[in-house]
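Student: My questions all concern the structure below.
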Amino acid sequence: MKSGYKVLWTKNALEELNKTIEYLEQNFSEKEIHKLANKIENISELISQNPHLFSKSEFKGVHKVSVLKFNTLYYRIIKDEVQILSFFSNRQSPQKWKL
């Protein structure tokens with residue numbers, strides 16, 4: 001079986017993920033952090049195997065998927081790679097969103 005697309009995180013997406021983890025560390029238990037990590041791992045595997053699985057966003061060429069209920073992951077497909085563009089916290093104002 002083909003190993004799938006290579007999944008790469010942009011600097012912006014990693015910064016947003018780190019902010020989310022910091023928030024969870026301050027306000028929730030380790031259990032919630034593990035739950036998030038497992039969900040991200042599962043979604044990454046799905047995207048790697050079938051990047052067209054999740055719906056397209058309002059931005060051309062960009063797909064989105066909800067990660068639990070508080071975050072949305074945005075990504076685009078370029079050749080044999082999937083670039084994670086944003087790990088947006090849905091608790092924030094949409095004006096703060098950077099893609």
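Student: Quick one: order Ile21, Ile84, Ile40 from most to least accessible surface, probe 1.4 Å. Can you show the working numbers first?
Tutor: Details: Ile21 50, Ile84 0, Ile40 25 Å².
So, going from the largest accessible area down, we get Ile21, Ile40, Ile84.
Student: Quick one: what are the phi-derived ³J(HN,Hα) couplings along the stretch 76-89, Karplus 6.51/-1.76/1.60 with θ = phi - 60°, whole Hz, x for glycine and proline?
Tutor: Running phi through 6.51 cos²θ - 1.76 cosθ + 1.60 with θ = phi - 60° gives 10, 10, 10, 6, 9, 10, 10, 9, 7, 8, 7, 10, 7, 7 Hz.
Student: To the nearest 10 degrees, how steeply does helix 30-49 sit against the main Cα axis of the chain, on a 0 to 90 scale?
Tutor: Rounded to the nearest ten degrees, it is 10.
Student: OK, next. List the residues, sorted by chain then number, that are 5 or more residues from Val82 or on another chain and whose placed amide H is less than 5 Å from its amide H.
Tutor: Residues meeting the criterion, in which the H sits 1.01 Å from N, are Lys6, Val7, Leu8.
Student: Given a cut-off of 15 Å, what percent of all Cα-Cα pairs of the chain lie beyond it?
Tutor: When all Cα pairs of the chain are counted, 61 percent exceed 15 Å.
Student: At 1.4 Å probe size, what's the solvent-accessible area of Lys6? Round to the nearest 10 Å².
Tutor: Lys6 has an accessible surface of roughly 120 Å² with all protein chains in place.
Student: Would you calculate the separation in nanometres between label points at Glu58 and Glu32, each defined as 7 Å from the Cα along the Cα-to-beta-carbon direction?
Tutor: Going from the Glu58 label point to the Glu32 one covers 2.7 nm.
Student: Please list, by residue number, every one of the GluC sites (Glu not before Pro) in the stretch 1-89 that is coil in DSSP and has at most 16 other beta-carbon atoms within 10 Å. Don't jump to the answer; show the numbers that get you there.
Tutor: Details: sites: Glu15, Glu16, Glu22, Glu25, Glu30, Glu32, Glu41, Glu45, Glu58, Glu81; in loops: Glu58.
Of the GluC sites (Glu not before Pro), the ones in loops of the stretch 1-89 whose Cβ has at most 16 other Cβ atoms within 10 Å are Glu58.
The values are calculated or read from the model by the stated rules, or taken from the named source; none is laboratory data. Just so you know, these numbers come straight off a predicted model, no measurement behind them. No Cβ is skipped: glycine too gets one built from the backbone with ideal geometry, and neighbour counts run over all protein chains shown. Accessible surface is based on the protein model in full, side chains and every heavy atom, while ligands, DNA and RNA are left aside. Shrake-Rupley method; radii C 1.70, N 1.55, O 1.52, S 1.80 Å.
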